Amino acid sequence: MCGIVSVLSRNDGIIRDLIDCLSRLEYRGYDSAGIAYVDKNSRLCVKKTIGKIASLEKIIDFNEGARCRIGIGHTRWATHGEVTIQNAHPHTSDEVAIVHNGIIENYESLKESLMKDGFVFDGVSDSEVVAKLISYHLKKNNDFLKAFQATIGQLKGAFAIVAIHADYPYMLLGAKRGSPMAVGLSPDSQRFYIASDAVALSSLCHDIVYLDEGDSVVCELTDELRYRILNSNLEVVDRQKTRNNVSLHDVTKNGFEDFMLKEIFEEPVVAQRVFRNFKCNVNVADYRSIYIIACGTSYYAGLLAKYWLESLSRVHTDVEIASEFRYRNPVLSRETLYIFISQSGETIDTLSAMRQVKNMGFKTLAIVNVEGSSIAREADECIHTDAGFEIGVASTKSFVAQTMVMLLLSIQQKSRLNIDGITYTMYSILNDGFVIKALAERIKDKARLLYLGRGGSFPIALEGALKMKELSYVSAEGYPSGEIKHGPIAMIDHQVYSIIIAPDDYYVGKTIVNAREILARNGEVLLITTGKVLANLHDLKKNKLVDHILLKDQWEYSTDPAVDQLLRSWPYVTAIHMLAYYVAKARGLNADQPRNLAKSVTVE
Ligand code: F6R
């Protein structure tokens with residue numbers, strides 16, 4: 001949620017770095033963007049625009065900015081205040097400029113008191129108070145560092161803030177409370193960066209340091225670049241360096257039209273990699289029950305895992321959405337293992353839920369894709385999902401990695417899985433992408449979509465509906481097929497298009513009955529199924545009553561037929577991801593950056 005970046009350099013020409021970092025951070029928000037820098041005449045210059053980094057780039061004079069050595073940048077996901085230039089960052093006050101990610105909870109009272117002191121506000125964003133408050137403190141003691149520290153001390157909420165001052169072109173200040181912040185030196189020690197995450201600094205810093213809660217960072221350019229990290233008591237502390245693992249492959253499209261398509265094509269590779277490298281000290285069978293807590297797609301990964309954990313490990317499993325769990329005062333137990341699933345490792349609801357459980361002294365296991373993220377660092381145990389960096393705002397390959405980890409936890413012995421069978425099905429879906437693309441043209445104008453599935457196909461249906469909603473803005477709902485007769489069937493008519501996940505599994509007969517119930521009420525149906533299942537539906541096939549995506553199902557996913565049954569629907573996720581992608585493209589939408597969304601949800 002919002003990306004921030006900043007640089008202090010021994011040499012000129014930092015604007016290109018700021019823009020490149022912001023482009024890589026765009027997945028965190030793309031409502032507006034801006035930079036501020038101190039030019040060669042010691043003037044504070046600010047450039048802001050509505051929309052994306054490409055628009056920002058157009059209003060920047062790279063020659064004019066060529067001689068500057070300090071600057072900050074921001075890409076915004078709007079929380080407080082509409083998407084306007086006034087609310088776009090950086091915010092300034094006199095010679096001070098700041099960028100902020102997060103929320104200042106007490107901004108109203110601070111603003112009121114600053115206004116009484118004569119400060120005038122341009123916009124309505126909570127962030128603007130930070131710049132004004134630094135100015136207020138500067139008027140009192142004229143020391144930038146002290147004014148910054150006094151300001152941070154007055155703020156309540158979750159935030160990461162970076163500040164510069166035109167009269168201090170050699171000093172870059174940052175502070176972290178609740179929102180992520182990574183810092184790093186370029187390999188030649190010429191440039192120091194503060195940013196929201198490792199991806200911003202990929203190709204710029206080999207090693208990075210993640211700040212701890214309450215830390216601040218002071219970087220100064222004297223005869224050389226020096227930085228120090230201070231804890232919340234303002235004592236200088238050492239924080240561990242970590243390798244910046246975000247590769248160039250992760251942050252480039254490699255010939256694909258969009259990151260999302262590239263990431264869907266990586267799904268079988270990710271499944272193989274997670275399977276191969278899986279290591280874990282936790283045995284789910286040691287616990288009386290499992291409680292999985294997550295949001296969005298990660299929550300659906302947890303729902304699918306419930307089918308596996310209970311069937312394969314016979315451990316009672318609950319799954320709950322983090323934003324509900326954290327305020328519900330749930331009954332917790334020492335005999336339960338609490339699992340938190342998160343791609344980004346920064347989702348505030350999941351992180352807060354985990355902190356609650358940890359504070360009560362119960363065991364937490366995180367399943368996280370971003371190494372060094374807050375959830376990864378704070379959990380008692382962490383399994384890294386190793387999907388590679390995911391840039392498309394919609395989670396795709398991460399879901400595959402998360403569910404593979406959960407499956408390996410449930411099944412306990414890798415040898416019980418035929419990983420090649422699972423990835424073969426995924427590859428065959430990718431090869432038949434043109435069929436899904438053609439279907440997307442038919443689906444793109446449908447007003448209402450219903451995704452249905454039974455057993456393990458139900459979480460896949462939910463995931464399909466979520467992807468369709470977020471990418472195509474089409475109303476889509478996911479339901480267990482067996483549940484439609486308890487209500488949703490009332491809305492079926494020729495305008496409702498039902499997408500039914502019907503692998504050749506134990507449930508298929510019942511699922512097909514549900515499809516027929518819909519067809520009998522003039523609803524349209526798309527079956528995602530196998531040739532074998534469709535071959536038995538002569539009447540539907542002959543009369544072309546159903547659309548279909550056919551999967552080649554001749555591979556077994558496990559030598560144990562019971563395990564094989566449980567997994568039949570899982571690789572279908574590649575098909576529903578592709579369908580959502582192609583419908584978005586058919587509707588002329590940006591699949592990587594759907595409107596109103598951001599990848600890392602660090603606000604409530
Ligand atoms: C959907 C999607 C979101 C995330 C959710 C949780 O495609 O990406 O629903 O799954 O915001 O994010 P993480 O997994 O980072 O905690």
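What follows is calculated from the coordinates using simple rules that are stated; it is not laboratory data. This is a predicted model, so every value here is computed, not measured. No Cβ is skipped: glycine too gets one built from the backbone with ideal geometry, and neighbour counts run over all protein chains shown.
Observations, loosely collected:
- The mean sequence separation of alpha-carbon pairs under 8 Å and at least six residues apart, normalised by the residue count of the chain, gives a relative contact order of 12 percent.
- Backbone geometry of the stretch 395-410 corresponds, through the Karplus equation with coefficients 6.51, -1.76 and 1.60 at θ = phi - 60°, to 3J(HN,Hα) couplings of 6, 10, 5, 5, 4, 5, 5, 4, 6, 5, 4, 5, 5, 5, 5, 6 Hz, x marking Gly and Pro.
- Placing unit charges on the Cβ atoms of the charged side chains and taking the dipole of the stretch 220-314 about its Cα centre, the candidate lying farthest along the positive direction among TYR227, ILE293, VAL282 is VAL282.
- Peptides 151-161, 451-461, 203-213 ranked from most to least packed, by the mean per-residue count of other Cβ atoms within 10 Å: 451-461, 151-161, 203-213.
- Whole-Hz couplings from phi, Karplus 6.51/-1.76/1.60, listed for the stretch 274-283; x for Gly and Pro: 5, 4, 5, 9, 4, 9, 7, 8, 9, 10
- Derived scalar couplings ³J(HN,Hα) [the stretch 181-193; Karplus, 6.51 cos²θ - 1.76 cosθ + 1.60; whole Hz; x for Gly, Pro]: 8, 10, 10, x, 9, 5, x, 8, 6, 8, 9, 10, 10
- Gyration tensor over alpha-carbon atoms, the stretch 432-521, equivalent ellipsoid semi-axes in Å: 20, 16, 13
- Measure of compaction for the chain (Cα Rg per 2.2 N^0.38 Å): 1.02
- The stretch 6-125 - convex hull of alpha carbons, volume per residue in Å³: 102 Å³
- Within the chain, DSSP assigns beta bridges of which about 60% are antiparallel (rounded to the nearest 5).
- The orientation-averaged projected area of the convex hull spanned by the Cα atoms of the stretch 253-417 comes to 9.0 nm².
- Each other residue within a Cβ distance under 11 Å of ASN106 adds +1 if Lys or Arg and -1 if Asp or Glu, for a net charge of -2.
- Cβ-placed point charges (K, R +1; D, E -1), dipole of the chain about Cα centre in debye, nearest 20: 760 debye
- Volume in Å³ per residue [convex hull over Cα atoms, computed for the stretch 374-437]: 117 Å³
- Using only the C-alpha atoms, the convex hull of the stretch 433-596 corresponds to 112 Å³ per residue.
- Adding -39500 (n - 2.57) for every DSSP H run of four residues or longer, then dividing by how many residues the chain holds, sets the calculated 222 nm ellipticity at -10000 deg cm²/dmol.
- Neighbour-count order for TYR107, TYR327, fewest beta carbons within 10 angstrom listed first: TYR327, TYR107
- Neighbour counts of C-beta atoms inside 10 Å place LEU8, LEU185 in the sequence LEU185, LEU8, starting with the fewest.
- Taking PHE144, PHE434, PHE399 and counting other C-beta atoms within 10 Å, the order from fewest to most: PHE434, PHE144, PHE399
- Rg over Rh for the stretch 480-552 works out to 0.94, using Cα positions for both radii and the Kirkwood form for Rh.
- Each Lys and Arg contributes +1 and each Asp and Glu -1, all at the Cβ; summed about the Cα centre of the stretch 134-248, the dipole is approximately 360 debye.
- Cα-Cα separations in the stretch 408-475 greater than 14 Å, expressed as whole percent: 73 percent
- Equivalent ellipsoid, the stretch 333-412 (semi-axes from 5 times Cα gyration tensor eigenvalues, Å): 21, 15, 9
- The eigenvalues of the Cα gyration tensor, multiplied by 5 and square-rooted, give the stretch 2-243 an equivalent ellipsoid with semi-axes of 24, 21, 18 Å from largest to smallest.
- Computed over the stretch 251-318: relative contact order in percent, which uses C-alpha pairs under 8 Å that are six or more apart: 27 percent
- Span from the the stretch 135-201 Cα centroid across to the the stretch 245-281 one, whole angstrom: 33 Å
- The Kirkwood radius of the stretch 97-191, taken over pairs of alpha-carbon atoms, gives through the Stokes-Einstein law at 37 °C and 0.692 mPa s a diffusion coefficient of 234 µm² s⁻¹.
- Straight-line reach from LYS253: taking Cα to Cα under 19 Å and skipping same-chain neighbours fewer than 8 places apart, the lysines in range are LYS52, LYS262, LYS397, LYS585, LYS599.
- Short-range pairs are left out: with C-alpha atoms under 8 Å and at least six residues apart, the relative contact order of the stretch 2-243 is 20 percent.
- Helix 419-431 and the longest principal axis of the Cα set of the chain meet at an angle near 80°.
- Selection from LEU527, GLY123, GLY421, by position along the positive dipole direction of the chain (Cβ): LEU527
- Residues whose amide H comes within less than 5 Å of that of HIS548, counting only those at least five positions distant or on another chain, are LEU527 (H built at 1.01 Å from N in the peptide plane).
- Shape category assigned to the stretch 237-287 from the gyration tensor of Cα positions, a/c cut at 1.5: oblate
- In plain terms, the bigger the Kirkwood radius, the slower the diffusion; for the stretch 291-331, with that radius from Cα pairs, at 37 °C and 0.692 mPa s, Stokes-Einstein puts D at 313 µm²/s.
- Over 24 Å [Cα-Cα, the stretch 129-246], rounded percent: 24 percent
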